[in-house]
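Engineer: The structure follows.
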Amino acid sequence: MSKRPQPLLADDKPLKSSAHKRRDPTQPSLLLDPMPLRVEPALALLKPSPPGDPRLIAEVKFDGYRGAIHIEPGGVRFLTRGGHDWTERFPAVADAARQLGVASAILDGEAVVLDEQGRSDFGALQRSLGGRGGKLPSGNSVFYAFDLLYLDGHDLQKMELSSRRHLLEELLDGREGAIRFSEQIEGDAVSIFNAACEHGLEGVIFKDPDSPYRSGRTGDWIKVKCIQSESFFIVGYEKSAVARGGVGSLLLAAHKGNGLQYVGSVGTGFKSKDAAELREMLDKLAMKKPPLFYDGPRKNVAWARPTLIAEIEYRSWTNDGKLRHASYKGLRDVQDNAAVLVIEA
């Protein structure tokens, strides 16, 4: 293993900021760069196979709620991908952030709940919060930090990823509590991806170590999934006299052009309690006519306004544009800024 570089924020060699900005009067203690109120997250671009660039670093793809921890002189905030304050839902994470010993910082990462094998479990995370829209404090969640955007008066977004991660690792200093460092996985991309799939992980994220932090899907970060998973609108359900909760299957749709396209149904992955709750929510959103062109069975179908967003695992697509071997994972919260799949027109 190569010798680790020295900390970049040593007292004798402070970072140089870009063009000096007027000091923010609400943040008088900051010496250099004003602390952003919020940073739009960098997002990974989905690819069907591992990339061939040997420079890229690899990390586990987590299955939880993307968020940013803001440590400020006035306190700690947990902001979701959509910019909502969920600090009260992750009290252990907030407490751990207060113990980091820095005046100000922004950590980018993902809040998860781990199963017995140490894998992130989105359904377990949802249950710990009280279901979709739930506001219960999650007592067993963990925040895996994978990037550092701001530290003690320095905006780090223009710094290369490898240096930001070095500073983050130094900051977390091997902690194994409610905030943990997302470790880099060593090896070639194909071997890493195959091993991740064999261990039942969600997938792998590959990142350019020389890249600055850029919001949106720029291609600096690439994700490769072991099992395909996307978000879809629930536009109705098939009634059943024998299935749990009276729900035989959920009818799903994706964005296409200015409307929606039916992508099939899912009848597995939800328990009796889930089905009963889903039916209650969908009945409150009931519609007499389908909200899209529908070419499936029409007997015993109940339609609903496309409001609820479900996370669905699937193996592949059929030739006529339907999901194959779909399984329900849970509901995405609208406040998490869940991105419903867009089918190219």
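Residue-wise test of (1) among the polar types (S, T, N, Q); (2) closer than 27 Å to residue 270 by Cα.
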| position | (1), (2) |
| --- | --- |
| 127 | no, yes |
| 143 | no, yes |
| 158 | no, no |
| 164 | no, no |
| 172 | no, no |
| 184 | yes, no |
| 187 | no, no |
| 192 | no, no |
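Engineer: Test residue 126 against the stated conditions and say whether it is crowded, with 20+ Cβ neighbours inside 10 Å and more than 18 Å from residue 179 (Cα to Cα).
Structural biologist: In short, yes.
Engineer: Restricting segment 209-230 to residues that are under 14 Å from residue 45 (Cβ atoms) and not in a strand (DSSP E or B), which is modelled with the lowest pLDDT?
Structural biologist: Ranking the qualifying residues of segment 209-230, first place goes to 217.
Engineer: Show the residue pairs meeting these rules: Cβ distance below 8 Å; 6+ apart or different chains; first residue within segment 45-63 and among the aromatic types (Phe, Trp, Tyr); second residue surrounded by 11 or more Cβ atoms within 10 Å (Cβ to Cβ) and in a strand (DSSP E or B).
Structural biologist: 62/110; 62/112; 62/120; 62/144
Engineer: Of all residues in segment 68-92, which are within 22 Å of residue 218 (Cβ to Cβ) and either touching a Gly at 6+ places or on another chain (Cβ under 7 Å) or assigned to a loop (DSSP other than H, G, I, E, B) (or both)?
Structural biologist: Within segment 68-92, 79, 80, 81, 82, 83 meet the criteria.
Engineer: Does residue 276 fit the bill of being more than 25 Å from the chain's Cα centre (by Cα), outside any loop (DSSP other than H, G, I, E, B), under 26 Å from residue 127 (Cβ atoms) and without any contact (Cβ under 8 Å) to a residue 60 or more places away in the chain?
Structural biologist: yes
Engineer: Would you please name the residue that is nearest to residue 60 (Cα to Cα), looking only at residues in segment 105-132 that are free of Cβ contacts under 8 Å to residues at least 60 places away in the same chain and part of a helix (DSSP H, G or I)?
Structural biologist: Among those that are free of Cβ contacts under 8 Å to residues at least 60 places away in the same chain and part of a helix (DSSP H, G or I), it is 124.
Let's see how each residue does on (1) in contact with a helix residue (DSSP H, G or I) (Cβ under 7 Å, 6 or more places away or on another chain); (2) within 27 Å of residue 88 (Cα to Cα):
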position	(1), (2)
123	no, yes
137	yes, yes
161	no, no
200	no, no
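Engineer: Any idea which residue in segment 179-204 is surrounded by the fewest Cβ atoms within 10 Å (Cβ to Cβ), counting only those that are outside any helix (DSSP H, G or I) and of a type in the set (A, V, I, L, M)?
Structural biologist: 185
Engineer: Search segment 310-326 for residues that are in a loop (DSSP other than H, G, I, E, B) and at pLDDT 85 or above and pair each with any residue that is surrounded by 20 or more Cβ atoms within 10 Å (Cβ to Cβ) and among the hydroxyl-bearing types (Ser, Thr, Tyr) when their beta-carbon atoms are under 7 Å apart and the residues are at least 6 apart or on different chains.
Structural biologist: Every condition considered, the pairs that remain are 325/314; 326/314.
Quick grid of which residues meet (1) under 21 Å from residue 68 (Cβ atoms); (2) in the same structural domain as residue 70 (by TED's automatic domain parsing); (3) among the hydroxyl-bearing types (Ser, Thr, Tyr):
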| site | (1), (2), (3) |
| --- | --- |
| 130 | no, yes, no |
| 145 | yes, yes, no |
| 156 | yes, yes, no |
| 162 | yes, yes, yes |
| 170 | yes, yes, no |
| 173 | yes, yes, no |
| 178 | yes, yes, no |
| 184 | yes, yes, no |
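Engineer: Would you confirm, using the coordinates I've provided, whether residue 298 is farther than 30 Å from residue 155 by Cβ and in a helix (DSSP H, G or I)?
Structural biologist: It is false that residue 298 is farther than 30 Å from residue 155 by Cβ and in a helix (DSSP H, G or I).
Engineer: Which of the residues belonging to segment 235-263 are in a strand (DSSP E or B) and in contact with a Ser or Thr (Cβ under 8 Å, 6 or more places away or on another chain)?
Structural biologist: 237, 238, 247, 248, 249, 250, 251, 252
Engineer: Determine which member of the set 193, 206, 181, 232 is among the aromatic types (Phe, Trp, Tyr) and under 30 Å from residue 294 (Cβ atoms).
Structural biologist: Step by step, each of 193, 206, 181, 232 is checked, and only 232 is among the aromatic types (Phe, Trp, Tyr) and under 30 Å from residue 294 (Cβ atoms).
Engineer: Does at least one position in segment 271-282 carry a residue that is within 30 Å of residue 61 (Cβ to Cβ), modelled with pLDDT under 90, crowded, with 18+ Cβ neighbours inside 10 Å and not assigned by TED's automatic domain parsing to the domain that holds residue 201?
Structural biologist: Checking segment 271-282: at least one residue is within 30 Å of residue 61 (Cβ to Cβ), modelled with pLDDT under 90, crowded, with 18+ Cβ neighbours inside 10 Å and not assigned by TED's automatic domain parsing to the domain that holds residue 201.
The values are calculated or read from the model by the stated rules, or taken from the named source; none is laboratory data. Since this is a predicted model, take the numbers as computed values, not measurements. Every residue, glycine among them, receives a Cβ derived from its backbone with ideal geometry; neighbour counts consider all protein chains shown.
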